Amino acid sequence: MKNLLIVFVLSTLTACATSFSVMDETLPKLVGKKSSEAVKYLGFPSGEQSVMGKKVYVWSTRTWMPNFAPATTNTTGTIGARPFTATSTTYGGGGGMDLSCELKLIVGESEDLIERFQYEGNNGACMRFSEALKPLKGT
């Protein structure tokens, strides 16, 4: 169990280290393209707004990551006349982090061309979008 937790945390941290850099590299490649091109990679947006003659397509994600902090307990005592020491570790502890990411593509309403993009949130939560955009890296 302990090894599984370590692998999960390390893989998450490794992935988190690259999600913003992937988005910074790939999103500019969508500028000047039709909004349908973004849908090919990201799927349908979770929302759409109209602001100042522009369409804003919004993709968002939110997840709760529970705290898996270890708590170690040491126990000593005797069994008959023999002393013993035991150690146990539990994982949990309550609490956690709210992870979210929001990606917006600003599109001209008449031409349906992507003009700009912006995103904000936690690097780990944005991994969902960066993974979807990775095929654009080679283009």
ask   = When region 105-139 is examined, which residues are found to be in contact with a Leu (Cβ under 7 Å, 6 or more places away or on another chain) and more than 28 Å from Gly53 (Cα to Cα)?
value = Asn122, Gly124, Ala125, Ala132
Top-ranked residue in region 88-139 [being acidic (Asp, Glu) and not in a strand (DSSP E or B); ranked as least open to solvent (accessible area, probe 1.4 Å)] = Asp112
request  = Kindly indicate whether any position in region 58-74 is without any contact (Cβ under 8 Å) to a residue 12 or more places away in the chain and of a type in the set (A, V, I, L, M, F, W, C).
outcome  = no
message = For region 80-88, check the following and say yes or no: at least one residue is in contact with a Cys (Cβ under 6 Å, 6 or more places away or on another chain) and among the aliphatic types (A, V, I, L, M).
response = no
ask   = Can you find a residue in region 25-41 that is under 15 Å from Ala132 (Cα atoms), open to solvent by less than 90 Å² (accessible area, probe 1.4 Å), out of contact with any Gly (no Cβ under 8 Å at 6 or more places or on another chain) and β-branched (Val, Ile, Thr)?
value = yes
task = Give me a count of the residues in region 42-87 that are surrounded by 11 or more Cβ atoms within 10 Å (Cβ to Cβ) and assigned to a strand (DSSP E or B).
result = 17
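The values are calculated or read from the model by the stated rules, or taken from the named source; none is laboratory data. Note that the coordinates shown come from a computational prediction; the quantities given were computed from them, not determined experimentally. All Cβ positions, glycine included, derive from the backbone under ideal geometry; neighbour counts span all protein chains shown. When the accessible area is computed, the model is the full protein with side chains, heavy atoms only, and any ligands, DNA or RNA have been set aside. Shrake-Rupley method; radii C 1.70, N 1.55, O 1.52, S 1.80 Å.
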